[in-house]
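All remarks here apply to the structure that follows.
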Amino acid sequence: MAGMKVKFLKWKNWLLVTVMGALGFSSCHSAKQLPATEEEPAPMPREREEMRLMYGVPTMNFRVSGRVSDAKGRPVRNVRVNVLEHGIEATPDTVYGDPERVREYLESTSATTDREGRFEVKGSGRPVDEVKVLVRDVDGTANGSFRNQLLEVKVTADDIDRSEAEGWYHGELNKKLDIKLERR
């Protein structure tokens, strides 16, 4: 009985090693030399030059801040501001998807404007070329009634702090917005 168990374990280990090797769970480095770019001269030949491969997903922290005001420049308080993740579809009045997940997501990526109309939303996600910002009047008529807005704001190189970027981490997006709301 013990001999059969040993044979089974050896067979199982051989199978796992074979499958893991086929899926790429082996060493992730190569002895190949990287080619030089036009701006950078070719490195002196060495016995062994390594190229490391990484598995992961590019990420970036973000901070979207600013001020919400009415057409006359007066601050608007108690307005909810959300930064929408890539892939979330929305109109100014509706966010699409599973209601429970959408509710949780909107709560985790939101800020409510203060009495000066200021807000700041922080989070992390994939690097993007534009930021979708959903601005909603959630307090009814307490401070006036305003139209909801969905803004698509372009991200420029000046908006990204790459001082701590390394590997899959692409830095921090800092975007400041001045949002004007229209009355209903």
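What follows draws every value from the coordinates through simple rules; no lab data is involved. Owing to the predicted nature of the structure, the values given are computational and were not obtained by experimental measurement. Backbone-built Cβ (ideal geometry, glycine too); neighbour counts: all protein chains shown.
The antiparallel fraction among DSSP beta bridges confined to segment 59-180 stands at about 70%.
Express the relative contact order of segment 59-180 as a whole percentage, based on alpha carbon pairs under 8 Å and six or more residues apart in sequence.
Reported as a whole number, the value is 40 percent.
Take the Cβ atoms of R103 and R183, set R0 to 30 Å, and the FRET efficiency comes out at 0.65. The alpha-carbon of K72 sits under 30 angstrom from the alpha-carbons of these lysines, leaving out residues fewer than 8 places away in its chain: K122, K132, K154, K175, K176, K180.
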